[in-house]
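Data block below; observations after.
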C-alpha cells in the first residue's frame, strides 16, 4: 500500500543497542508500526534500509533477515540458531 503521508524513521538507542524503525502516518498523526531489532555486532554485511519497488514500503536487510516494513513481515530468515536438538525426534498423533 502506498501512502505519500508516511515517513519511516530509523533511530538507534546506543545505550541498549536497539535499532528502531518507526513508520509514522502524518495524515492521521499516529504511529503505523514500529520494528525493533538488536543488531548483531559480528555481522559482516551490516544493516540496511532498502527502497521498496512500486507501491511497497521499504525493507530492512541484515545478515539474517529480510523484513518488509509495511507490516513488519519477515520475508526471509536464515542463519538463526533456534537451539533445536536435531538428534531428538518427536512424533505426535
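Listed values, structure above:
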| item | result |
| --- | --- |
| Conditions (1) at pLDDT 80 or above; (2) touching a strand residue (DSSP E or B) at 6+ places or on another chain (Cβ under 7 Å); number of the one not met by residue 70 | (2) |
| Complete set of residues in the stretch 19-55 that are part of a loop (DSSP other than H, G, I, E, B), within 13 Å of the chain's Cα centre (by Cα) and under 17 Å from residue 75 (Cα atoms) | 47 |
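The values are calculated or read from the model by the stated rules, or taken from the named source; none is laboratory data. Bear in mind that the values here come from a model prediction, so they are computed numbers and not experimental data. Virtual Cβ from ideal backbone geometry, glycine too; neighbours counted across all protein chains shown.
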